[in-house]
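What follows is a single structure, written as structure tokens, with notes after it.
The values are calculated or read from the model by the stated rules, or taken from the named source; none is laboratory data. The structure presented is a predicted model; accordingly, all values stated were derived computationally and were not measured. All Cβ positions, even for glycine, are placed from backbone atoms using ideal geometry, and neighbour counts span all protein chains on display.
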Amino acid sequence: MLTPVEVLGNVRVRTQTHVSVRLGDPLALSVALSNGSLESENLVEYAFAGQIRGDAIRARSELQLSGSEFASLFGARDDGRAAVACSAASKRVAILDDSTEGRSFRKWLESALSCTLCEKVPLAMWERFPGVRLAAIAALMRAEESQAALEAVLGSFVITDARRVDDLKTTLEDGGIDLIFVSEVLGALSECATM
């Protein structure tokens, strides 16, 4: 598994290759996260402007963050502690977590992850770190491998939650994602991962 530093280096190289405008690491990571999410084209169109938007849409598959890269950046550590990016103190993360949308997602995820959050380690991280809750939202919003991403963020995933997570994801897909909120979540996580 790659280290977070290696992942950020890979994201930087891919962005420099496919985006004609030089991007800082937080913005490059936000592009990568957006391109790996549900409704990625709409998300990129909303979140970015000009040449960045056009280049990011054209090279969507090359720029997207892979499941293993997501896990390296936001996955719980082997010792059961939250990823550094998820445990970082961030005013922006706290505000998003406490927003109306953040509280709604928290409620939905707590319902979907009812068995997983009965486990000691995932529950402790979930309750303590707003960044873990936002990373769980980002994991759920991934176009592919969302359950694996949730497992990485929380350190474990109880398989009996799989159906509820799939149902929640389908509900969100059918209703259309909140582009503004998801964009803000991905941006905040990108800032934390590149501190």
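The set of residues in the stretch 18-37 that are in contact with an Asp or Glu (Cβ under 6 Å, 6 or more places away or on another chain) and under 18 Å from Leu186 (Cα atoms) contains only Pro26. Here Asp79 fulfils each of the conditions (1) in contact with a helix residue (DSSP H, G or I) (Cβ under 7 Å, 6 or more places away or on another chain); (2) free of Cβ contacts under 8 Å to residues at least 24 places away in the same chain apart from (1). Phe157 fulfils the conditions (1) over 16 Å from the mean Cα position of the chain (by Cα); (2) at pLDDT 95 or above; (3) not basic (Lys, Arg) except for a single criterion, (2). Of the helices (runs of 4 or more DSSP H) lying entirely inside the stretch 65-178, those containing at least 1 residues that are of a type in the set (Lys, Arg) and buried (at least 17 other Cβ atoms within 10 Å of the Cβ) are 100-112, 130-140, 162-175.
Checked against (1) over 22 Å from Asp78 (Cα atoms); (2) in contact with a strand residue (DSSP E or B) (Cβ under 6 Å, 6 or more places away or on another chain), Glu191 passes all but condition (2). Filtering the stretch 160-195 to residues that are under 17 Å from the mean Cα position of the chain (by Cα) and among the hydroxyl-bearing types (Ser, Thr, Tyr) leaves Ser183, Ser190, Thr194.
All conditions in (1) assigned to a helix (DSSP H, G or I); (2) touching a residue at least 60 places away in the same chain (Cβ under 8 Å) hold for Met195, with the sole exception of (1).
Selection of the stretch 9-48 for residues being touching a strand residue (DSSP E or B) at 6+ places or on another chain (Cβ under 8 Å) and either assigned to a helix (DSSP H, G or I) or hydroxyl-bearing (Ser, Thr, Tyr) (or both) yields Ser37, Leu43. Tally up the residues in the stretch 108-151 that are touching a residue at least 60 places away in the same chain (Cβ under 8 Å) and over 23 Å from Ala32 (Cα atoms), please. Going through the stretch 108-151 one residue at a time, the tally reaches 1. For first residues located in the stretch 92-107 and within 16 Å of Thr171 (Cβ to Cβ), partners that are not charged (D, E, K, R) and lie 6+ apart or on another chain with Cβ distances below 6 Å form the pairs Glu101/Phe181; Phe105/Ile137. Quick check: anything in the stretch 2-17 under 20 Å from Phe181 (Cα atoms) and in contact with an Asp or Glu (Cβ under 8 Å, 6 or more places away or on another chain)? No, that holds for no residue.
Reported count of residues in the stretch 100-126, each being modelled with pLDDT of 95 or more, over 22 Å from Arg163 (Cα atoms) and over 17 Å from the mean Cα position of the chain (by Cα), is 1. Inspect the stretch 69-84 for any residue being in contact with a strand residue (DSSP E or B) (Cβ under 9 Å, 6 or more places away or on another chain) and aliphatic (A, V, I, L, M) and give the result as yes or no. Scanning the stretch 69-84, I find no residue that is in contact with a strand residue (DSSP E or B) (Cβ under 9 Å, 6 or more places away or on another chain) and aliphatic (A, V, I, L, M), so the answer is no. Candidates are the residues of the stretch 49-64 that are aliphatic (A, V, I, L, M) and part of a loop (DSSP other than H, G, I, E, B); the one that is surrounded by the fewest Cβ atoms within 10 Å (Cβ to Cβ) is Ala49.
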